[in-house]
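Scroll down for the structure; my scribbles are underneath it.
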Amino acid sequence: MTRSLQVWWVYQSSNKQIDVPLDMITPKFLISMLAMLMLSFSQAWASHGDPSMGRVLAGPCESCHGKGGENKNEGIPNLSGQKFNYLVKQLREMRQSARIRAGEEEYSDTGFRALSRARRSNEVMDELVVKMSDHDIADVSAFYADQKCHADFNVLPVAPPKFEVRCRVCHGNLGIANVLNVPNIAGQDVSYLEAQLKSFQAGKVLEGDGQEKRRAAIMEGQVKNLTDDDIKQVSIYYARLPCGY
Ligand code: HEC
Ligand code: HEC
């Protein structure tokens, strides 16, 4: 008897499907699906950027993120082929952290922000984006989203941990998300993945001054009950999937 439920995303133009074993259809799983649906409604907010302008702005980023965003440095994320809306959101959050730190913006934790708990701060990155306009952010994001990520086929894939079927609902069957606001995580640097998952797990608000490392309600629920070993295994699994072809 077939034990799988095929979840079709109505908002997808392609015919991609996600296979989920029936015993994984728990309340938590259904909540994830609901969250996903809400995300898909919020996709349209980011305006498009100009990749050719973005190429110029991306010059200073190359030393860390690599040419075209294809990163080879430990602990630093790959940006090539990443989702445009996702990149815009991260850069705006880091810029906001820098502005709050500089006293140019007030820390506020009300309304939608309180609900989504969306925050991100990294001392190096915050300062690099603090002077960028919304336009610049859109352009540089358009540039990276446009780049083709080249898979490293020299690494052997490993089997995913069982709980990973939950992650597929949003991040796609093989770590390439089908939804604009959700990042691709396939082929991402392993120590970067581990560090992000641990940040979500810590979910810390440091003294209410906007200097949290990283917060995102949607991911905090996903990683709450994972052990250090689970985080390691799932990070290795995704790091070894091809980021592109
Ligand atoms: C000195 C090294 C360095 C430089 C230069 C740098 N970055 Fe970063 N970047 C990082 C690190 C480290 C992180 C991971 C931060 C964290 O752990 O949250 C990061 C994260 C990011 C992310 C989030 C990616 C994700 O998957 O969530 C984006 C987007 C980004 N950088 C864009 C840029 C852009 C655009 C520039 C150039 C204007 C740039 N970076 C320059 C080190 C750098
Ligand atoms: C309900 C949808 C959903 C599910 C299920 C989900 N994620 Fe996510 N994930 C997201 C979203 C949305 C973000 C972006 C958060 C933000 O904007 O900061 C994200 C971010 C991430 C990041 C950071 C990527 C980067 O480039 O910095 C990692 C790593 C990650 N998720 C791994 C996982 C793993 C592992 C699982 C399964 C245990 C999982 N996710 C389940 C929606 C989801």
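The values are calculated or read from the model by the stated rules, or taken from the named source; none is laboratory data. Just so we're clear, the structure is a prediction, and the values are computed from it rather than from any experiment. Every residue, glycine as well, gets a Cβ built from its backbone with ideal geometry; the counts of neighbours run over all protein chains shown.
Is at least one residue of the range 105-116 charged (D, E, K, R), at pLDDT 90 or above and more than 11 Å from ligand 1 (Cβ to nearest atom)?
Checking the range 105-116: not a single residue is charged (D, E, K, R), at pLDDT 90 or above and more than 11 Å from ligand 1 (Cβ to nearest atom).
Please work out if Asn225 is modelled with pLDDT of 90 or more and within 18 Å of Tyr86 (Cα to Cα).
Here the answer is no, as Asn225 does not meet what is asked.
I'd like the full set of residues that are of a type in the set (Val, Ile, Thr) and either more than 21 Å from Lys72 (Cα to Cα) or away from ligand 2 (no atom under 16 Å from the Cβ) (or both), limited to the range 141-183.
Val155, Val165, Val169, Val179, Val182
Any residue that is more than 22 Å from Val190 (Cα to Cα) and in contact with an Asp or Glu (Cβ under 9 Å, 6 or more places away or on another chain) - is there at least one of those in the range 102-111?
yes
In this structure, does Ser80 turn out to be more than 8 Å from ligand 1 (Cβ to nearest atom), more than 14 Å from Arg215 (Cβ to Cβ) and of a type in the set (S, T, N, Q)?
yes
Which condition breaks for Val124 when tested against (1) surrounded by fewer than 18 Cβ atoms within 10 Å (Cβ to Cβ); (2) in a loop (DSSP other than H, G, I, E, B); (3) β-branched (Val, Ile, Thr)?
(2)
Quick grid of which residues meet (1) more than 11 Å from ligand 2 (Cβ to nearest atom); (2) at pLDDT 90 or above; (3) not in a loop (DSSP other than H, G, I, E, B):
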residue	(1), (2), (3)
Met53	yes, yes, yes
Leu79	no, yes, no
Val88	no, yes, yes
Ile100	yes, no, yes
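Has the range 195-216 got any residue that is in contact (Cβ under 8 Å) with a residue 60 or more places away in the chain and under 20 Å from Ser80 (Cβ atoms)?
Yes, the conditions are met somewhere in the range 195-216.
Among Ser63, Ser108, which is among the polar types (S, T, N, Q) and not in a loop (DSSP other than H, G, I, E, B)?
After applying the criteria, what remains is Ser63.
So how many residues does the range 124-151 have that are under 26 Å from Gln222 (Cβ atoms) and not aliphatic (A, V, I, L, M)?
Residues flagged as under 26 Å from Gln222 (Cβ atoms) and not aliphatic (A, V, I, L, M) within the range 124-151 amount to 4.
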